[in-house]
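What follows is a short report on a single structure.
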Amino acid sequence: MPDTLVLDYRTRSIRNLAWWLYIFHGFSLVFTMGAVSWIPLIISYLKRPDAAGTFVYSHHTWQIRSFLWYLVWMIVGGVAFATIIGIPLALLIWGAAWVWKAYRLIKGLLNLNDNKPMPV
């Protein structure tokens, strides 16, 4: 008999919200380079207390940290871009930040689908 985790209605609801937030972050990353990821960020900040005591709490923290670190690296790339010599470096930083955030979103979504917490 396989091990299955049966979630109550509340946990299922907050898990579904976290799933949609991952999707929103992903669409934002693909279509706007993350420019509108502040919308799911605010929702994560507002709904994270509701997930306290569940594995979903770590997913909200994971999404928040992913956004904040992505923002830091995009700003670093912007500073490098401001100098003519730093433009290739800025493109490298932005590309690496994009791949890193995509990895974090995919890893988080896969762990959420498996009902596993994130290592935060």
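The values are calculated or read from the model by the stated rules, or taken from the named source; none is laboratory data. Predicted, not measured: the structure shown is a model, and the values here were computed from it. Methodologically, a virtual Cβ is constructed for each residue, glycine included, from the backbone with ideal geometry; neighbour enumeration extends over all protein chains shown. Just so you know, the surface numbers come from the protein's heavy atoms only, side chains and all, with ligands and any DNA or RNA stripped out. Shrake-Rupley method; radii C 1.70, N 1.55, O 1.52, S 1.80 Å.
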### Message
Between segment 24-84 and segment 90-120, how far is it from one alpha carbon centroid to the other, in angstrom?
### Response
10 Å
### Student exercise, the chain dipole from Lys, Arg, Asp, Glu Cβ charges, in Debye to nearest 20
80 debye
### Task
Would you tally the net charge around Trp20, using a Cβ to Cβ cut-off of less than 15 Å, leaving Trp20 out, and scoring K and R as +1, D and E as -1?
+3
### Task
Give the label of the value calculated from the structure for log10 I(q)/I(0) by the Debye sum over Cα atoms at q = 0.09, 0.11, 0.19, 0.23 Å⁻¹, choosing from (i) -0.23, -0.35, -1.02, -1.48; (ii) -0.28, -0.42, -1.06, -1.30; (iii) -0.29, -0.41, -0.95, -1.25.
(iii)
### Query
How much accessible surface does Val76 have with a 1.4 Å probe, in Å² rounded to 10?
60 Å²
### Summary
Regression test value, accessible area per residue of the chain, probe 1.4 Å, units Å², expected 61 Å²
### Query
Hey, can you rank 81-91, 65-75, 18-28 by average C-beta count inside 10 Å, highest first?
18-28, 65-75, 81-91
### Query
Helices from the chain with mean Kyte-Doolittle at least 0.0 and a Cα length along the axis of 24 Å or more, per DSSP H: which?
9-32, 55-81, 87-113
#### Entry: Residue-averaged 222 nm ellipticity for the chain, from DSSP H runs of 4+ at -39500 (n - 2.57), nearest 500
-25500 deg cm²/dmol
## Note on the structure
With Trp69 itself left out, Lys, Arg at +1 and Asp, Glu at -1 over residues whose Cβ is under 9 Å from its Cβ give +3
### Query
If you take the beta carbon distance between Val99 and Asp8 as r and set R0 to 30 Å, what does 1/(1 + (r/R0)^6) give as a FRET efficiency, to the nearest 0.05?
0.25
